[in-house]
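Since the structure comes first, as structure tokens, the remarks are kept for the end.
The values are calculated or read from the model by the stated rules, or taken from the named source; none is laboratory data. Model, not experiment: these values are computed from the prediction. FYI the Cβ positions are ideal-geometry reconstructions off the backbone, even for glycines, and counts take in every protein chain you see. Just the protein is used for accessible areas: all its heavy atoms, side chains included, with ligands, DNA and RNA removed. Shrake-Rupley method; radii C 1.70, N 1.55, O 1.52, S 1.80 Å.
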Amino acid sequence: MGSPTKAMLLDWYRQMVLIREFEETCHRLYEEKRITGVYLHLYSGHEASGVGSMAALRKSDHVITAYRDHGIALILGMDPKAVMAEMMGKKTGSSGGKGGSMHLASKDHNFWGGYAIVGGHLPLAAGIALEARYHGKDDVTMTYVGDGATNNGYFHESLNMSAIWDLPVVWIIENNGYAMGTEVDRASGQVELHRKAEAYGIKSFGRVDAQNALEVYAVALKAVDYARKKGPVVIEHVTYRYRGHGVSDKQYDAREDMSAELKEWMATREPIKILRDCIESQYGDVGEVLAQHEADAVQIVADSVTFAEASELPSTYEDLMRNTYVSSDLVHKTAASVGAGID
Amino acid sequence: MPARNVAMREAIRRALREEMHRDDNVFVMGEEVAYWQGTHRVTRGFLEEFGERRVRDTPISEMAIGGLAVGAAMAGLRPVAEFMTINFAFLALDAIANHAAKVRYFFDGMFKVPLVYRAASGWGNQATASHSHAPEPIFAHFPGLYVGCPSNSMDAYGMLKASIRDDNPVLFTESIALYPKPGPMPAEDDGDFLIPIGKGDIKREGGDVTLVAYARGVDWALQAARQLARDGVEAEVVDLRWLRPLDMELVYQSFKKTNRCVIVEESLPMYSFGGEIAALLQENMFDYMDAPIKRVAAEDAPLPYSKEIELLALPDAQKVVNAVKEIV
């Protein structure tokens, strides 16, 4: 435990510029109607929240999140090509084009997915953590949850269950100030969201400036260690979204107060710049390495777009029906069976 | 397993207990399943036998019960989550319909969700409106989930075992009215007695009319069949056992022989099991149809407290007999 090494910091920079390039490209492709669909929730502005906290995990730990999931997927090392192909609903997408932007997952990375019902993934996180406890493993389940979800029943019930069963969950509230368009203080009686932990007897690690990856990491290290040994913890990441709730959110264009707020965050609390300043102040001239990471990100994302656009769309009835169920010898099917699905 | 009559509650308890002995990953969770010994006594003795790790009392948190089972199943456990009654499963409908039934699909087969939701279901005993539902068809609406609804002890035993062993999510309902009802069990000791998911059963043979039912409806259909036999009408009783998948092959075979059908269910009449079966019959068996298809279901009202009007709302054998007499 301790401070991140130079190699770690440089890698965080790589991850953060990759996410930003990926997300801004998604935004452009959506505007150009090359990515279709109605849901595309971008992680621009949130980068340090995911990068700093997941740096505290080991490979056997678990991660689950809501629908703002692209950044989480890329941090875990999912192939940007498969992620971009999923945005475009292609067969080569990580979910075969069945899930889209909100449903990225990778079993190989212990990434249990992005979920689209606010709070719906929280009991799933508790269940994944239960499996670890059940089998005597000390792996933690890092669970990202938006500020809005802290007001629904799933949050209350899941945190409470994690407390009574001592489940190793790191509940990270990504507080970006808004649940869709509703400010935290209009939605929550308790505006210091981490303090909701007290209601369930859960250890809170307080509020963290989640535009600063180093601060995020320092707290995450302690919180993960606590969760591994004892039980659930809550951390509140104070962050900001650069592209609204989702790409269809035009409030930032329409409302002066919101666009001024956005400019202020971008000018003073930009996570990539904060990390860059930190690296440069500690290690001097690393401009070349950073520039290389930036150039790589552009190339990787461009390649992902080329790959995704060249990929095939699912189009057959079999594509539609496949994976509704697991193929099973215990299921009796005849030509006249109804509602049996195909495997 | 000795060949003797046991109550359906006991048959379910045996199935669950045997599967827990067979596979350490099978565990039960729910309200009052451990220290209270189960509200319906299905998990009686489990806490002592299996311990707190595998017999887990939960708070009154249906949303969390529903969703936690999904996560645990994805991660490799085989949860059997009990909703004390199916009325409370409405609180978990999002977890059931959006996650248990869909995570496999929206991640294109990446995960399995081998879980069973058990829920006591049904009307009666003046339980009043909010505790008086038989809403199995609501849950059978969603592709990705299987729905099993046994009508007797042996079926409950074999169906629950298959549900626990299968890698798909299953909602398993247990008619409260059938819990105490004794019925035969498999003749031999057979821990591997399994009734395949989606396989229906002919509970009585007859050539004059087909009665299609599940769960408690099978009881009413069999009673009606005995009564009809005295008047010289032989009814065939098809117990579908599973609402999803539906064994329509069995219904079609019977209908080709009888050319007449009455559908019997405990559930409400609108957008119902009866509506679905009738639609499938007219689409696929039109040439065999000699009479209108009749449906016997609950009356289209919430259940009241007062006994006389409560019974008025419920289907029974006499209502089935009356429906048959309109078409034979």
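Look at where the Cα atoms of segment B:293-328 and of segment A:221-268 average out, and the two centres are 57 Å apart. In this structure the amide hydrogen of B:Glu236, modeled in the peptide plane, comes within under 5 Å of the amide hydrogens of B:Gly206, B:Asp208, B:Val209, B:Thr210, B:Leu211, none closer than 5 places in sequence on its chain. Positive end of the dipole of chain B (Cβ unit charges, origin at the Cα centre): among B:His99, B:Tyr117, B:Ala34, the Cα lying farthest that way belongs to B:Ala34.
Spatial offset of segment B:1-56 relative to segment A:73-138 amounts to 33 Å, using the alpha carbon center of each. Backbone geometry of segment A:148-153 corresponds, through the Karplus equation with coefficients 6.51, -1.76 and 1.60 at θ = phi - 60°, to 3J(HN,Hα) couplings of x, 5, 5, 9, 10, x Hz, x marking Gly and Pro. Note that segment A:197-206 has calculated 3J(HN,Hα) couplings of 4, 4, 4, 10, x, 9, 5, 9, 9, x Hz, one per residue in order, obtained from phi through the Karplus relation 6.51 cos²θ - 1.76 cosθ + 1.60 (θ = phi - 60°); glycine and proline are x. Per the Kirkwood formula applied to alpha carbons, the protein assembly as shown shows a radius of gyration over Rh ratio, Rg over Rh, of 1.04. Principal axis extents of the C-alpha atoms in chain B (largest first, rounded to whole Å): 57, 43, 42. Note that segment B:201-327 carries a Kirkwood radius of 14.4 Å, evaluated over its alpha carbons pair by pair.
I'd like the antiparallel share, as a percent to the nearest 5, of DSSP beta bridges with both residues in chain B. So the antiparallel bridges amount to about 20 percent of the total.
If you run the Gaussian network model on chain A, springs between alpha carbon atoms under 10 Å, then out of A:Lys33, A:Lys230, A:Lys98 the most flexible one is A:Lys33. Of all the C-alpha pairs in segment A:6-314, what % are more than 36 Å from each other? For segment A:6-314, the share of Cα pairs beyond 36 Å comes to 13 percent.
Averaged over its residues, how many other protein chain Cβ atoms are within 10 Å of peptide A:152-161's Cβ atoms?
Average per residue, whole number: 5.
Accessible surface of the protein assembly as shown, 1.4 Å probe: 51 percent of it comes from carbon and sulfur atoms.
So what is the orientation-averaged projected area of segment A:18-128, using the convex hull of its C-alpha atoms, in nm²?
If you wrap the Cα atoms of segment A:18-128 in a convex hull and average its projections, you get 6.6 nm².
Please state, as a whole number in µm²/s, the translational diffusion coefficient that the Stokes-Einstein equation yields for segment B:242-282 at 10 °C and 1.306 mPa s, with Rh defined as the Kirkwood radius across alpha carbon pairs. Stokes-Einstein gives a translational diffusion coefficient of 145 µm²/s.
Ranking B:Ala278, B:Ala229, B:Val251 by how far each Cα lies toward the positive end of the dipole of segment B:173-328 (charges on Cβ) leaves B:Ala229 at the top. Working from Cα pairs under 8 Å separated by at least six residues, relative contact order for chain B is 17 percent.
If you run the Gaussian network model on chain A, springs between alpha carbon atoms under 10 Å, then out of A:Ser259, A:Ser101, A:Ser328 the most flexible one is A:Ser328. In segment B:104-131, burial by the other protein chains removes 50 Å² or more of accessible area from B:Arg104, B:Tyr105, B:Phe106, B:Phe107, B:Asp108, B:Met110, B:Phe111, compared with the chain on its own (1.4 Å probe, ligands and nucleic acids ignored). Under 5 Å between amide hydrogens, built in the peptide plane, is the criterion, and for B:Ile263 it picks out B:Val212, B:Lys294, B:Arg295, B:Val296 among residues at least 5 positions away or on other chains. Counting every alpha-carbon pair across segment B:156-254, the share separated by more than 24 Å comes to 28%.
Normalised by the number of residues in chain A, what is the relative contact order in percent for Cα pairs under 8 Å and 6+ residues apart?
About 23 percent, as a whole number.
When you restrict to C-alpha pairs under 8 Å that are six or more residues apart and normalise by the size of segment B:148-275, the relative contact order lands at 29 percent. Shown here is the pair-distance distribution of segment B:6-183: with all Cα-Cα distances grouped in 10 Å bins from zero up to the longest one, the shares run 11, 42, 38, 9, 0 percent. Backbone phi angles across segment B:192-203, fed through the Karplus curve with coefficients 6.51, -1.76 and 1.60 (θ = phi - 60°), yield HN-Hα couplings of 9, 6, 10, 9, x, 5, x, 9, x, 8, 8, 8 Hz in residue order; Gly and Pro are listed as x. Interface of B with A. Using a 1.4 Å probe and counting protein heavy atoms only, the two chains hide about 4800 Å² of accessible surface, both sides summed.
Relative to the dominant Cα principal axis of chain B, helix B:317-327 is inclined by about 40°.
Under a 5 Å amide H cut-off, with hydrogens placed 1.01 Å from N, A:His103 pairs with nothing among residues at least 5 apart or on other chains.
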